[in-house]
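Visitor: Pasting in a structure now, in structure tokens, and then I'll have a few things to ask.
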Amino acid sequence: MQYLAPVAIGVLYAVLMSLLREPHRRRVNAVMLAGAGAAYLSGGGLGGWEFAFTALVTCVAYRGLESWTSIGVGWLLHTGWDVVHHLKGNPIVPFDHGSSLGCAICDPVIALWCLRGGPSVRDLLRGRRRAAVREHTAP
């Protein structure tokens, strides 16, 4: 469950976000990424590097206002930061030692959705239906 719940949370995030219409969906996700970039600031486990990482993710999130790829890259950067915090022992949620590991599992799920262009659930289902129709009608 420790590994499945973060995957489910990432999928749920993508499903709920897909209910927003474009371009709002992309812009809200850029803002969410910027917030995630600052998530470790209060813990200060890596000293001044926390500020450097927050600045980096903020720049990537700003680019994400116009680019799903930037948002996906930002979530992958956050995944790496989660791993560092998990190994160093400064979890994202202070009272849950495994929270950074959970975040490191959840974030790539969100990143993959973003790197696909943040499609809506409807678009994803249409794509599968089209692929199934092509398979059945192929010569």
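Visitor: Just read off the accessible area of SER42 with the full protein assembly in place, 1.4 Å probe, to the nearest 10 Å².
Guide: 120
Visitor: Identify which of GLY35, GLY47, GLY98 has the largest mean-square fluctuation in a Gaussian network model of the chain, with springs joining Cα atoms closer than 10 Å.
Guide: GLY47
Visitor: Might you tell me the accessible area per residue for the range 1-92, computed with a 1.4 Å probe and given in Å²?
Guide: Each residue of the range 1-92 exposes 56 Å² on average to a 1.4 Å probe.
Visitor: Taking only Cα atoms and a 10 Å spring cutoff, compute GNM fluctuations for the chain and point out the largest among LEU20, LEU76, LEU101.
Guide: With Cα springs under 10 Å in the chain, the top fluctuation among LEU20, LEU76, LEU101 is at LEU20.
Visitor: Any idea how far the Cα center of the range 37-52 sits from the one of the range 82-120, in Å?
Guide: Between the Cα centres of the range 37-52 and the range 82-120 lies a distance of 15 Å.
Visitor: What is the percent carbon and sulfur in the accessible area of the chain, measuring with a 1.4 Å probe over the protein chains and ignoring ligands?
Guide: C and S fraction of accessible area: 67 percent.
Visitor: Dipole size in debye (nearest 20) for the chain around its Cα centre, Lys and Arg Cβ +1, Asp and Glu Cβ -1?
Guide: Approximately 740 debye in magnitude.
Visitor: GNM on the chain, C-alpha springs below 10 Å: top fluctuator among ALA111, ALA14, ALA55?
Guide: Between ALA111, ALA14, ALA55, it is ALA55 that shows the largest mean-square fluctuation.
Visitor: To continue, here is another question. Enter the angle in degrees (range 0 to 90, nearest 10) between the Cα long axis of helix 4-17 and the first principal axis of the Cα atoms of the chain, meaning the one along which they spread out most.
Guide: 60
Visitor: Then there is this: Roughly how tilted is helix 49-64, in degrees to the nearest 10 and between 0 and 90, from the longest Cα axis of the chain?
Guide: So the inclination is approximately 20 degrees.
Visitor: Separate question: Treating the angle as unsigned and between 0 and 90°, give the value, to the nearest 10°, between the Cα long axis of helix 68-88 and the longest Cα principal axis of the chain.
Guide: Helix 68-88 sits roughly 40 degrees off the main axis of the chain.
Visitor: In whole angstrom, how long is each semi-axis of the equivalent ellipsoid of the chain, when you take the square root of 5 times every eigenvalue of its Cα gyration tensor and sort them from largest down?
Guide: Its equivalent ellipsoid spans semi-axes of 31, 18, 11 Å.
The values are calculated or read from the model by the stated rules, or taken from the named source; none is laboratory data. All values reported here derive from a predicted model rather than from experimental measurement. Positions of Cβ are generated from backbone atoms using ideal geometry, with glycine treated the same way; all protein chains shown enter the neighbour counts. Side chains included, ligands, DNA and RNA excluded: accessible areas come from the protein's heavy atoms. Shrake-Rupley method; radii C 1.70, N 1.55, O 1.52, S 1.80 Å.
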